[in-house]
Each structure stands twice: as C-alpha cells, then as structure tokens.
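Comments concern the structure below.
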Amino acid sequence: MRTSVKSAQSLGLLLLIFIGVGCSNSTSTPLAVPAEGVAPKPNQELLPQNIIDAVSEAKPEGIIVAAFKEDEDGATVYEVEVEMPDGKRYEVEVDTEGKVLEIEKSDGGEGDEGNQTLSLPSS
C-alpha cells in the first residue's frame, strides 16, 4: 500500500535525489525531504514546506521520490518528482512562492526526453 506525501514523512523516511540536469543554463541542487525523526546529512538543504504543500495539492496521492532546487536563468524553481500509486511518475515544477508552474508526465529517466507536459488549470 502506498502512502501520501505527508504520510511518508510521518514514517520517518528521508528521501534524497540525485538526477542529472539536462539544461546548460541551469544549476541544480539535490534536496532532502523533511521527515519526522530523521535528520538530514550535514549541509543538506531541505525541500521547503510550502513546496511540499504545493506538490501535495497538485498530486495528493503521490509520493515525492526526488527533488531539486534549480537556478534557471536567474530564477529559482523546484523540480519535484512524484510517483503515483499506479507507478506513473510526474515532475512538478514549483516557484519559490509555492505556485505550480508545470506538471510533466515523466518517463522516469534522466533528461526531458519522453516527458509530456500537462496543462494546468487557470487560477
């Protein structure tokens, strides 16, 4: 049985990600997902709670399996990979304010090949 993002945190799981970056004009930093009772590695940056909340709202049944903070042409964005109960993966891109910018269906591999951008509802 799969658990939600918040449930996974309560189990004390610390999820780290290390995926290559495919864009030459960006830098990427792997992030730890905060988890109850588990300390991150020294100097390991945590995924902010407002980003977790935005991803959880966008994909409530998903589990965060990877997260990056990226600098794309001077703007900071968070790319968070979420796995759904059916095994499908999505990349959710969120700005620093917690606004979901884009959701892509992911093929689970590195880079953007095979990813499909999904449209977001207007707000």
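Summary table below
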| item | result |
| --- | --- |
| Among Phe68, Val55, Gly87 the positive-end extreme of the charge dipole of segment 52-94 (Cβ point charges) | Gly87 |
| Cut-off under 5 Å, modelled amide H: who pairs with Leu101 long-range | Glu93, Val94, Asp95 |
| Whichever lysines have a C-alpha closer than 25 Å to that of Lys88, once near sequence neighbours (fewer than 8 apart) are set aside | Lys6, Lys59, Lys69, Lys99, Lys105 |
| Pairwise FRET efficiency - Lys41 versus Asp95, Cβ, R0 = 25 Å, nearest 0.05 | 0.45 |
| Calculated FRET efficiency for the pair Asp73/Asn50, C-beta based, R₀ 25 Å, to 0.05 | 0.65 |
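Where a number appears in this text, it was derived from the coordinates with a stated rule and is not lab data. These numbers come from a predicted model, not from an experiment. No Cβ is skipped: glycine too gets one built from the backbone with ideal geometry, and neighbour counts run over all protein chains shown.
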